[in-house]
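These notes concern the structure reproduced below.
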Amino acid sequence: MAETPSAAMLGYTCAGCHGTNGNSNGPAMPSLAGASKDYIIEVMEYYATGERASTIMGRIAKGYTKDEVAALAEFFSKQKFVPAKDQKFDAKLAKKGAKLHDKYCEKCHAEGGTSSEDDAGILAGQWTPYLKYTLADMMSGKSHVPKKMKKKLKKMHKKTGDAGIEQLINFYASKK
């Protein structure tokens, strides 16, 4: 039986979409750098089972063994997250989004969405189009949403509508 490739070797195969060391250069791709191991493993499982919507990640995730996914997660968790550069955002919407984040998201996405210690993924500084697509998939039911997050998103959306989602996205885009 062949040995599992090194974590770095596996991680570098992701660079075409997710950037060198997991810092994405493209607006539709999330940065993986700095995410927790548990978060990466969980998301890869959701892709492999089809619980998370994707164009290609479902097929890619199915090709990895559990050991390889664990090695990828280890590699990316040790990389430094670099926020997306030069994102435009509306400061007024970002200010409203900060309040929504504090009320609905902070408990799991700590430190304004910059922390990976909560195993919920880094939101602040991710590409705006990626956040829009992902939240749209979650809101529509195309992607798995953790139970607590689903409840909070529904509650927020009921009160603020799509404007609240846009405010949150502007808040995360404002984080450098």
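Is it fair to say Gly97 is within 30 Å of Met9 (Cα to Cα), of a type outside the set (Ser, Thr, Tyr), surrounded by 19 or more Cβ atoms within 10 Å (Cβ to Cβ) and in contact (Cβ under 8 Å) with a residue 40 or more places away in the chain? Judged against the criteria, Gly97 is not a match. Here region 100-118 is the region considered, the condition is being farther than 14 Å from Gly34 by Cβ and either in a loop (DSSP other than H, G, I, E, B) or free of Cβ contacts under 8 Å to residues at least 12 places away in the same chain (or both), and the residue that is farthest from the chain's Cα centre (by Cα) is Asp102. Here region 137-156 is the region considered, the condition is being in contact (Cβ under 8 Å) with a residue 40 or more places away in the chain and aliphatic (A, V, I, L, M), and the residue that is farthest from Leu123 (Cα to Cα) is Met156. In the set (1) free of Cβ contacts under 8 Å to residues at least 24 places away in the same chain; (2) in contact with an Asp or Glu (Cβ under 9 Å, 6 or more places away or on another chain); (3) of a type in the set (Gly, Ala, Ser), the condition left unmet by Ala53 is number (1). Those residues that are over 17 Å from Gly63 (Cβ atoms) and assigned to a loop (DSSP other than H, G, I, E, B), I need them from region 11-33; list them, please. Matches in region 11-33: Gly19, Asn23, Ser24, Asn25, Gly26, Pro27, Ala28, Met29, Pro30, Ser31, Ala33. Is it true that Ala8 is out of contact with any Ser or Thr (no Cβ under 8 Å at 6 or more places or on another chain), in a helix (DSSP H, G or I) and farther than 24 Å from Val145 by Cα? Answer is yes for this residue. If you go through region 119-163 and keep only what is surrounded by 14 or more Cβ atoms within 10 Å (Cβ to Cβ), polar (S, T, N, Q) and in a helix (DSSP H, G or I), you end up with Thr128, Thr134, Thr160. Total residues in region 139-165 satisfying the condition of being in contact with a Gly (Cβ under 7 Å, 6 or more places away or on another chain) and closer than 15 Å to Cys108 by Cβ: the figure is 1. Among the residues of region 169-176, is any surrounded by fewer than 18 Cβ atoms within 10 Å (Cβ to Cβ), farther than 17 Å from Ala35 by Cβ and modelled with pLDDT of 95 or more? No: zero hits. Of all the residues in region 75-94, those that are without any contact (Cβ under 8 Å) to a residue 40 or more places away in the chain and touching a helix residue (DSSP H, G or I) at 6+ places or on another chain (Cβ under 9 Å) number 2. Being within 25 Å of Lys175 (Cβ to Cβ), in a loop (DSSP other than H, G, I, E, B) and polar (S, T, N, Q) is a condition met by at least one residue of region 34-45. Report, by residue number, each residue of region 106-134 that is out of contact with any Leu (no Cβ under 7 Å at 6 or more places or on another chain) and over 20 Å from Pro27 (Cβ atoms). Within region 106-134, Glu106, Lys107, Cys108, Ala110, Glu111, Gly112, Ser115, Ser116, Glu117, Asp118, Asp119, Ala120 qualify.
The values are calculated or read from the model by the stated rules, or taken from the named source; none is laboratory data. It should be emphasised that the depicted structure is a prediction, and the values quoted were computed from it without experimental measurement. Cβ atoms come from the backbone with ideal geometry, glycine included; neighbour counts cover every protein chain shown.
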